[in-house]
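A quick write-up on the structure given underneath.
The values are calculated or read from the model by the stated rules, or taken from the named source; none is laboratory data. What you see is a predicted model, and the numbers here were worked out from it, not measured in a lab. So basically every Cβ, Gly included, is an ideal-geometry build from the backbone, and we count neighbours across all protein chains shown. The accessibility values were calculated without ligands, DNA or RNA, using every heavy atom of the protein model including side chains. Shrake-Rupley method; radii C 1.70, N 1.55, O 1.52, S 1.80 Å.
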Amino acid sequence: HSGLSKDLLSLLNDADDYNVIIQVGENRNMKEFRAHSVILRARSPYFKSAFSADWISKKNNMITINKPNIAPTVFEMVLKYIYTGELDLTKQSGEDILSLLVSSDELLIEELFNHVQDYLI
Amino acid sequence: MSSRKQPKGKIRPPKKPNSADAQFNDNWDRLAQAIREIHKKNASILSFEELYRNAYNMVLHKNGDKLYNGVREVITQHLEEVAVSQVVPAFPLSGASSSQTNPNGAGGANFLKVLKTVWEDHTTCMLMIRDILMYMDRVYAKTANVPLVYDLGLDLFRDTIVRSQNYPIQNHLLEVLLQQIKLERENEIIDRTNVKASIDMLLELTDASTKDTVYATDFENKFLETSSEYYRVEGQMLVGEYDAPEYMKKVDKRLNEEEQRVRHYLSQTTEPKIRNIVEEELISKHLKTVIEMENSGLIPMLRNEKMDDLGRMYKLFGRVVKGHDEMKSAISDYIRELGKAINETVTSNTTAEGGNAASGDKQTGATVAVRWVQEVLDLKDKFDKVQNLALSNDKAFQTSFNEAFEYFINKNSKSPEFISLFIDDNLKKGLKGKTEEEVDSVLDKTITLFRFIGEKDVFERYYKQHLAKRLLLGRSVSDDAERGMIGKLKVECGYQFTTKLEGMFNDMRISSDTMTDFKEYLDKSVLEKPKLDLSVTVLTSTFWPMNLSASPRCNLPPELTKACGTFQNFYLGRHSGRRLTWQSNMGTADIRGSFKARKHELNVSTYQMVILLMFNDKQDGESLSYEQIKGESDIPEADLKRNLQSLACAKYKILVKEPKGKEINPGDQFNFNNDFTAPLQRIKIQTVASKVESEGERKETREKVEEARKHQTEAAIVRIMKDRKTMEHNLLIAEVVKQLQSRFMPNPALIKKRIEALIEREYLERATGDRRVYNYLA
């Protein structure tokens, strides 16, 4: 599936048709990510609920949510994994890897959680 | 290591317990507030991310149980409030027994409507609460083995609203639901959406102890009980007020309504149960009453051929266990009754006819037979039609009808003779108006009656007699039709049944060839040619119904005796070792009679010819007495009387009898009727061709049949013993019965007698050790 992962990664990187803006982090350490709600919903129960009609507020068809308790560097990894199902952890710092473990648990991305855990053990 | 174990490093338990408690309280306060806002439908001011994070943190910090219990409390409080502020005020006005004051069930409908709103609000809120507590569901509820929060919500709704301990909500709910259904049964229009909403709600709630739905535990039984009672009353009312067809239509409608009801707003699991109740109360309990309804029940429907009603009854009654049995037995009884009536009209006719059997009323006998068969066929047609149009060709019904036909047909001991006569009538008169196809179809139907006959050997005997007369008197429609009929019999009874009948045809064919040869022989011969044309049919005695030992005597005129002699020489010259016996009772003759007015050609029987020729020597006006004719001709008395009747008492009076009258008595005087006139030149003096037998003849036939049965029984015994060598008494009897029952039903006493006769003649012996066992002696 390497072709699929590659193509989906380009979808994330050149997200010109995005419909979700996620403001990650707090204060100075904040970054906006652009993504596609369909993909996030499909990959994470957390996003599935977060983007359900009961909870979202849309402006010009754009969904904006905050995720202050996750660092942008970590969220970037989360997003990459959500889109491609692949994540190379060897280049990451130990601290980020632990944060990734915690975040994947919070966002209920079980697959990623196991991936990180396997890496740690 | 559990996958959920808190990872080391960044996230640690907060150091100060106080600040942890504070954190918890803060988180929980926000969550509780948020849930309240959700209940107030103010969710749009809330942040999913924040609430989720709050709950997440609480669970993460081992406060999952506190969170869970807190949520339970908030929801319970809310539902209590809903009960007081919304549900209780919506109770129908006069409480549980409100049907009188509330004839349209408006209060009830409103109550259901409120409940519907309450339920919908609750489920909507629970979905949102589930969203924000998803982490609790996934991490806490699983390990603590408690229901997921949505299910918790359902349980709370069940206990706080539906089965509230504080308010009689449950009573009202059940009461209103049942009342709504009752109103609908009484043709009121109800708002099905509200009822359906409540039913769906009950279906979604689960009873904790039975794990069944609250619908099943709280509602269904009550529904079934009231339905039972409702239809019990309705059933009694309906049978009293409506006739059978109307009753069935009502029941049909009810069944349909209940089915629709289930489909629209009850659970499918209730469908068979409510159907059973309607079937039990409206069908099973009134089966007999409806079947036996005067002027409209099953028998009147049959009588008036109400196929739609019959079809409806068949379908409707087929739903219950005894339904079809009751119908079958009622119809069978009716068939037997009708059959008995047919038998009775015939018996009364034949006894009347038997009384003046000697009066020369020749047609009546055959007519009675034809009419009997025709009536039975009509009856058969009628029930075939019923079977076809109303009973879906149900095999079980067919079997029971067949049994009924078999029963009454065999009640008439003359049925084998009648059926044979009926066939005779059709094969003889077939050309008069009926096409070959029509005759064929009538004969096909007749075969179905033939199947019902128990004594097929008796039928065979009569059939042979009637066929013989048709063949010898040239009365048959056509060879094809005759052979067609024999083909049908062969299919029914097999080859051995029809061999002799086929032999009769063979004799006819061979005789025709023989006569051609005879003519050639005469042409070439130097002998004096006979003064008359002689046509002889040579019959193989075993094929034809004749009795050689009692061959009919008759003094033939010399001319004829001479011609017979010539033929005899010719024939025996070709076939040595055969014996010819003249069957003068079976022949016919064409003679020319000179009357005052004109000459006529008379086609008469051999006996009639013999009688008429006696008058050749007499002067005009000179008479012969009965005794003279009898003495001179030597014709057997019964035959003589019958033939004299044909000549002197029937349509063409060639002879004049003194004194006048229909009966021939000793002392009667006969004169040649010189004044005889008739429009046609050629006259056929009707001979007694086929008619129902007189009692005497019947007795004789019966004896012959019994005699034949003895032989057949012995043959069967020998056949079986030859094969088995040794056999126990009862087994042998059973086997013999099995072999013979296609022809007749042998009784064990008869078989036993035949076994003894065979032992006497040393075909069998009793086994030395066991007297109930026989050995075959080769």
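For segment B:73-107, name all the residues that are modelled with pLDDT under 85 and polar (S, T, N, Q).
B:S94, B:S97, B:S98, B:S99, B:Q100, B:T101, B:N102, B:N104, listed by residue number.
Based on what the data block shows, is B:V477 over 17 Å from B:A366 (Cβ atoms), among the β-branched types (V, I, T) and not assigned by the TED database to the domain that holds B:R709?
Values: over 17 Å from B:A366 (Cβ atoms): no; among the β-branched types (V, I, T): yes; not assigned by the TED database to the domain that holds B:R709: yes.
No.
Taking B:E279 and the conditions (1) touching a helix residue (DSSP H, G or I) at 6+ places or on another chain (Cβ under 7 Å); (2) buried (at least 20 other Cβ atoms within 10 Å of the Cβ), which numbered condition does it fall short on, given that it satisfies the others?
Of everything listed in (1) touching a helix residue (DSSP H, G or I) at 6+ places or on another chain (Cβ under 7 Å); (2) buried (at least 20 other Cβ atoms within 10 Å of the Cβ), B:E279 misses just condition (1).
Filter segment B:705-744 down to residues that are open to solvent by less than 30 Å² (accessible area, probe 1.4 Å) and touching a residue at least 40 places away in the same chain (Cβ under 8 Å), then give me how many there are.
Adding up the residues that qualify gives 12.
Which condition number in (1) in a helix (DSSP H, G or I); (2) crowded, with 19+ Cβ neighbours inside 10 Å is the one that B:I190 fails?
So B:I190 meets the others, but not (1).
Just the residues that are away from every other protein chain (no Cβ under 14 Å), among the basic types (K, R) and farther than 13 Å from B:T160 by Cα, please, taken from segment B:40-86.
Once the filter is applied, which keeps residues that are away from every other protein chain (no Cβ under 14 Å), among the basic types (K, R) and farther than 13 Å from B:T160 by Cα, segment B:40-86 yields B:K40, B:K62, B:K66.
Is it the case that B:L203 is open to solvent by less than 50 Å² (accessible area, probe 1.4 Å) and either over 30 Å from B:F317 (Cα atoms) or of a type in the set (A, V, I, L, M, F, W, C) (or both)?
On the way: open to solvent by less than 50 Å² (accessible area, probe 1.4 Å): no; either over 30 Å from B:F317 (Cα atoms) or of a type in the set (A, V, I, L, M, F, W, C) (or both): yes.
It is false that B:L203 is open to solvent by less than 50 Å² (accessible area, probe 1.4 Å) and either over 30 Å from B:F317 (Cα atoms) or of a type in the set (A, V, I, L, M, F, W, C) (or both).
Yes/no per residue for (1) of a type in the set (F, W, Y); (2) open to solvent by 20 Å² or more (accessible area, probe 1.4 Å); (3) under 23 Å from B:R682 (Cα atoms):
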| position | (1), (2), (3) |
| --- | --- |
| B:L613 | no, yes, yes |
| B:D617 | no, yes, no |
| B:Y626 | yes, no, no |
| B:K641 | no, yes, no |
| B:L647 | no, no, yes |
| B:I654 | no, no, yes |
| B:E658 | no, yes, no |
| B:G661 | no, yes, no |
| B:I664 | no, no, no |
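Does segment B:386-398 contain any residue that is open to solvent by 10 Å² or more (accessible area, probe 1.4 Å) and closer than 30 Å to B:E695 by Cα? Working first, answer last.
Within segment B:386-398, the first condition is being open to solvent by 10 Å² or more (accessible area, probe 1.4 Å), and the residues that meet it are B:388-389, B:392-396, B:398.
Next cut, closer than 30 Å to B:E695 by Cα only: none.
No.
Please name all residue pairs, on different chains or six or more residues apart, with Cβ atoms under 8 Å, provided the first residue is in segment B:474-492 and is open to solvent by less than 30 Å² (accessible area, probe 1.4 Å) and the second residue is part of a loop (DSSP other than H, G, I, E, B).
Filtered contacts from segment B:474-492: B:A481/B:G430; B:E482/B:S476.
Pick out the one residue from B:K445, B:K414 that is open to solvent by 10 Å² or more (accessible area, probe 1.4 Å) and closer than 25 Å to B:M586 by Cβ.
Working: B:K445 fails: closer than 25 Å to B:M586 by Cβ.
Of B:K445, B:K414, the one residue that is open to solvent by 10 Å² or more (accessible area, probe 1.4 Å) and closer than 25 Å to B:M586 by Cβ is B:K414.
Out of everything in segment B:172-187 that is touching a residue at least 40 places away in the same chain (Cβ under 8 Å) and open to solvent by 40 Å² or more (accessible area, probe 1.4 Å), what residue ends up being farthest from B:R263 (Cα to Cα)? Give the derivation first.
Kept after step one, since they are touching a residue at least 40 places away in the same chain (Cβ under 8 Å), are these residues of segment B:172-187: B:172-185.
Now drop any that are not open to solvent by 40 Å² or more (accessible area, probe 1.4 Å), which leaves B:175, B:182.
On the way: B:E175: 21, B:K182: 17 Å.
This residue is B:E175.
Pairs needed: first member in segment B:663-681, in contact (Cβ under 8 Å) with a residue 40 or more places away in the chain; second member anywhere, buried (at least 16 other Cβ atoms within 10 Å of the Cβ) and among the aromatic types (F, W, Y); C-beta distance under 6 Å; at least 6 residues apart or different chains.
Here the result reads B:P666/B:Y626; B:D668/B:Y626; B:F672/B:F615, each pair linking segment B:663-681 to a residue that is buried (at least 16 other Cβ atoms within 10 Å of the Cβ) and among the aromatic types (F, W, Y).
Among (1) farther than 21 Å from B:E258 by Cβ; (2) away from chain A (no Cβ under 14 Å), where does B:K196 come up short?
For B:K196, the exception is condition (1).
What is the residue count in segment B:9-57 for residues that are outside any helix (DSSP H, G or I), basic (K, R) and modelled with pLDDT of 80 or more? So that I can check it myself, show each step before the final result.
Taking segment B:9-57 and keeping what is outside any helix (DSSP H, G or I), we get B:9-16, B:40-42, B:46-47.
From what is left, the residues that are basic (K, R) are B:10, B:12, B:15-16, B:40-41.
When the remaining residues are screened for being modelled with pLDDT of 80 or more, the result is B:40-41.
Total meeting the criteria: 2.
Could you please give the count of residues in segment B:42-63 that are more than 13 Å from B:M134 (Cβ to Cβ), of a type outside the set (A, V, I, L, M) and in contact (Cβ under 8 Å) with a residue 24 or more places away in the chain?
The qualifying residues number 3.
Name every residue in segment B:220-254 that is in contact (Cβ under 8 Å) with a residue 60 or more places away in the chain and of a type in the set (A, V, I, L, M, F, W, C), in order of residue number.
Across segment B:220-254, the qualifying residues are B:A244, B:M248, B:V251.
Select from segment B:108-143 the residues that are aliphatic (A, V, I, L, M) and open to solvent by 10 Å² or more (accessible area, probe 1.4 Å) and write down the one among them that is farthest from the other protein chains (Cβ to nearest Cβ).
B:A109
What helices (runs of 4 or more DSSP H) lie completely within segment B:531-637 and have 1 or more residues being over 30 Å from B:K651 (Cα atoms)?
Where helices (runs of 4 or more DSSP H) fall fully within segment B:531-637 and carry at least 1 residues being over 30 Å from B:K651 (Cα atoms), they are B:558-574.
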